[in-house]
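Written below as structure tokens is the structure these notes are about.
The values are calculated or read from the model by the stated rules, or taken from the named source; none is laboratory data. Here the structure is a predicted model, which means the values were calculated and not measured. Cβ placement follows ideal geometry from the backbone for every residue including glycine, while neighbour counts extend to all protein chains displayed. Note: accessible area is taken over every heavy atom of the protein model, side chains too, but ligands, DNA and RNA are not part of it. Shrake-Rupley method; radii C 1.70, N 1.55, O 1.52, S 1.80 Å.
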Amino acid sequence: MTVQTFNRPSAYVDAAREMASSGRPVLARLLAEEAADLTPDPDAKARILAEFPGYSLRQGD
């Protein structure tokens with residue numbers, strides 16, 4: 001088991017890809033949203049969210 005350190009957007013994207021490949025699309029989307037939140041570039045945010053389609057399940061979104 002690999003311990004993941006979530007200190008960069010890329011760590012969240014890597015985890016999102018892992019969740020998507022293991023059949024957990026909702027968790028993948030939530031991780032992608034966190035990565036997007038930490039990404040200052042609007043184009044990069046859009047690319048991250050486009051890779052993990054779906055709607056937000058966050059409270060208040």
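Brief remarks follow.
- Neighbours by Cβ (under 6 Å, 6+ apart or cross-chain): first from segment 4-19, within 9 Å of residue 34 (Cβ to Cβ); second open to solvent by less than 40 Å² (accessible area, probe 1.4 Å) and among the small types (Gly, Ala, Ser): 9/35; 12/35; 16/28; 16/32
- When residues of segment 15-34 are limited to those that are closer than 12 Å to residue 51 by Cα and either among the small types (Gly, Ala, Ser) or open to solvent by 80 Å² or more (accessible area, probe 1.4 Å) (or both), the one nearest to the chain's Cα centre (by Cα): 32
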